[in-house]
1. B:L226: net charge of surrounding residues, Cβ under 12 Å, Lys/Arg +1, Asp/Glu -1, itself excluded?
2. Alpha carbons only, please: Rg and Dmax for chain A, in angstrom.
3. Could you work out Rg/(2.2 N^0.38 Å) for region B:156-295, with Rg from alpha carbons only?
4. Can you give the accessible area of B:V287 in Å² (nearest 10), computed on protein heavy atoms with a 1.4 Å probe?
5. Students often check this: by mean Cβ neighbours within 10 Å, which of A:44-50, A:268-274 ranks highest, and how do the rest follow?
6. Sorted from largest down, what three extents in whole angstroms do the Cα atoms of region B:127-167 have along their principal axes?
7. Kirkwood hydrodynamic radius for region A:78-156: how many Å is it when counted over pairs of different Cα atoms?
8. Grab the eigenvalues of the alpha-carbon gyration tensor for region A:99-234, scale each by 5, take roots, and send me the semi-axes largest first in whole angstrom.
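The values are calculated or read from the model by the stated rules, or taken from the named source; none is laboratory data. Since this is a predicted model, take the numbers as computed values, not measurements. So basically every Cβ, Gly included, is an ideal-geometry build from the backbone, and we count neighbours across all protein chains shown. Note: accessible area is taken over every heavy atom of the protein model, side chains too, but ligands, DNA and RNA are not part of it. Shrake-Rupley method; radii C 1.70, N 1.55, O 1.52, S 1.80 Å.
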Amino acid sequence: MNEVIKINNITKSYGNVLAVNDLSFKVKKGELFSFLGINGAGKSTTIKIIVGELFPDHGEIKVCGKDIRTDEDEIKRKIGVVFQDSLLDKTLSVYDNLKYRAALYGITGEEFKERYKRLSKIFSLEDICNRKVNTLSGGQRRRVDIARALIHNPEILILDEPTTGLDPGTRNSIWKIINNLRKKENLTVFLTTHYMEEADDSDYIVILDKGHVIGEGSPLELKNKYAKDMVIIYNVKEEDIKKLKMTYHKIRNGFKIEVNSISIVTDLIVKHKDIFKDYEVIKGRMDDVFLSATGYELEEK
Amino acid sequence: MKTFIYLIKRNIKVYFNDKGLFFTSLITPLILLVLYATFLANIFEDSFVSIFKDISISESTITALVSGQLISSLLAVSCVTVAFSSNMLMANDRITGAINDINVTPVKRSYINLSYFLATFISTLIVSISALVLCLIYTSVRGYTYSLGDTLYLIWDVIILTLFGSSLSSIINYFLKTQGGVSGVGTIVSAGYGFICGAYMPISSFSKTLQKILSFLPGTYGTSLLRNHALNPILKTIKYLPSSVLKEIKDGLDCNIYFFDNIISIKVMYLTLIITIIICILIYLFVSNKGRNRK
Ligand SMILES: Nc1ncnc2c1ncn2[C@@H]1O[C@H](COP(=O)(O)OP(=O)(O)O)[C@@H](O)[C@H]1O
Ligand SMILES: [Mg+2]
C-alpha cells in the first residue's frame with residue numbers, strides 16, 4: 001500500500017464554473033507532495049473532494065485504498081486538514097479549541113491531555129494556550145491550525161496554502177516544524193502553495209491549471225523539462241563569446257547563455273577552456289518551471 | 001456519547017463567549033424593560049385602577065398585578081428571542097466555515113444537527129431561568145411573593161416556551177446561509193416577536209382579525225400560560241370579585257385566549273405547545289439530515 005491518495009479522472013463544477021477538470025494524480029506514503037497553481041486553479045476544491053466535504057461529479061478517489069462513500073469514518077481519521085482560511089472558534093481559547101475538536105474524534109480526558117502536551121511542545125503553545133484565537137498573530141494561529149489538524153494523529157496532513165500571508169521568518173519556523181514531523185512520524189504531507197521555493201523541497205509536484213494537470217514530476221524533472229539552465233561568463237570579449245556559436249545576451253560584465261540541458265554547458269567548457277575562466281552555471285528555478293508550464297506571471301513577484 | 005456532550009458544550013461556550021451573539025439576544029428583553037420603566041407600567045396601572053373602580057382593592061395588589069404583567073411579558077419574549085439569537089450559531093458556523101472543520105471529523109451529521117438544537121435549548125434556558133430568578137426577586141421586592149407551586153408552574157412554562165423557541169428557530173435558522181439572512185431574521189424576530197406575542201400590548205387590545213390570526217400561533221399560548229401563572233395567584237387574593245368582572249379582567253390580560261370564541265383551557269395550551277415542539281423538532285431533524293449537499 002504505497003499510494004495513500006489516488007485520484008482518477010475527477011471532475012467538479014459549481015454551476016457553470018468547471019473547477020476541477022478530469023484530474024488524476026497519486027500521492028505516495030511519506031512524501032511531501034506539492035500542488036501548485038494560481039488562485040482559482042482548483043486546488044481548494046480538490047482538497048474539499050479528498051476530505052469528503054464535496055463529492056466529485058465524475059471520477060474516483062481512494063484514500064489508503066478506501067472510498068469516502070463507503071468508509072467515510074476511517075478516511076476521516078487518517079486525514080488531518082488545515083483549510084486555507086483558519087476555521088477555529090475565534091472566541092474560544094487555544095486550549096478549548098483543541099479540546100473540543102479532539103473530542104470529535106473521541107479523544108477526551110487523559111488521552112487528550114497527553115496529546116495536548118505533545119503538540120503544545122512541538123508547536124510552542126505553552127504561552128498562548130489560554131489566549132483566545134482572535135487575539136493571536138497570523139503565525140501563532142497557523143501553528144494552532146496545524147496542531148488541530150494533527151490532534152488525532154493522522155497519517156496524511158493536508159495543508160491548503162499554510163504559509164500564505166506570513167512573513168519569511170514565520171514561514172521558516174512553520175516549515176521547520178513540518179519537516180521535523182515528516183522525519184519523525186513518516187507523515188505524508190499534501191501541500192498547496194504558490195510560493196515556488198517551498199515546492200522546491202517536495203518529493204513530487206503537480207502543477208494545476210484550470211482544474212487540469214499541466215505538468216508533474218520531481219522538482220529536478222520539472223526543472224529539466226521546463227526551466228532553462230544558464231551559464232554566465234564574466235570578463236570575456238564579445239568576439240570570444242561568438243566563437244561558442246550560441247545565442248547570448250549581454251549583461252553588466254559578461255554574457256548570459258540559456259541552454260536546454262546542463263550537458264551542453266559541459267561540452268562548451270571542455271571545448272573552450274580558454275573562454276571559461278570566470279563563470280557560473282545556474283540551474284533553472286521553480287519559478288521558471290511554473291512560468292513556462294502555465295504561461296502566467298507569478299502574482300507576488 | 002461523550003463526543004456528543006463535548007459538541008454541545010462547544011456550542012454553548014461559543015455562544016456565551018461571542019459577545020455579538022450574546023448581547024444581541026438580550027436586546028428585546030432590554031427594550032421591553034425600558035418600555036415598562038418609561039410608560040407601559042403607568043398605562044397598565046391606570047387601566048387596573050379604572051377596572052377596579054367599584055371594588056375596594058389595595059394599592060399593593062395593583063402593584064403586584066403590574067409586576068406580574070411585566071415578568072410574564074419579559075419571560076414570554078426572552079424564551080423565544082434568546083433562542084433565535086443563540087441558534088444563530090448554526091448559521092454563523094456555516095458562514096465562517098467552522099462547520100467544515102467539524103464536518104471533517106467522524107461525528108455523524110445527525111449528532112451535529114441535534115447538538116445545535118440542544119445547545120440552543122440549554123443556553124436559552126440558562127438565560128431564561130436567570131431572568132425568571134431576577135423577576136421573582138423583583139416581584140418580592142415590590143411586595144408580592146409567589147408560592148412554591150406557582151413558581152414551579154412558571155419554571156415549567158419557561159421550559160416549554162424555551163423548547164418552543166429552540167425548535168422553531170432550528171427550522172428557520174437552518175435555511176440561513178448568509179450574513180444578510182442572519183441579520184434580517186434576527187431583526188424581524190427581535191422586533192416582531194414582542195409585538196405578536198402580546199408582550200408590549202395585550203393581544204386582547206388588537207383588532208378582531210389580528211386576534212384570530214394570532215390564535216393560530218402556538219407562541220400566543222405560551223404567553224397566555226405565563227400570564228395565567230403570573231397573574232391568577234394575585235387575582236385570587238382579591239375578595240368579593242364578581243365572576244363577570246374577573247372574566248373581563250382575564251380577557252383583558254390575555255389569561256383567556258379565544259379560538260373562534262372558545263376559551264382555550266390551560267391543558268389544551270400545553271398540549272398545543274408540546275405537539276408543536278415535537279413536530280418542529282421532527283421537521284428540523286428531517287430537513288437537516290436530508291439536506292447535506294455535497295453535490
Ligand atoms: N463555492 C463555490 N461556488 C462557486 N464557485 C466556486 C466555489 N468555490 C470555488 N469556486 C470556483 O472554482 C474555481 C476553483 O476554485 P478553488 O478550488 O478555490 O481554487 P484555488 O484553491 O486553486 O484558488 C474558481 O474559479 C472559483 O471561483
Ligand atoms: Mg484555494
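1. Details: positive: B:R227; negative: B:D150, B:D157, B:D254.
That works out to -2.
2. 23.1, 78
3. Values: Rg = 17.8 Å, N = 140, 2.2 N^0.38 = 14.4 Å.
It is 1.24.
4. B:V287 exposes around 40 Å² with every protein chain in place.
5. Working: A:44-50: 23.1, A:268-274: 12.7.
Highest-to-lowest ranking by the protection proxy: A:44-50, A:268-274.
6. 36, 19, 9
7. Working: mean 1/r = 0.0811 Å⁻¹.
So the Kirkwood estimate lands at 12.3 Å.
8. Working: eigenvalues 233, 59, 37 Å².
Its equivalent ellipsoid spans semi-axes of 34, 17, 14 Å.
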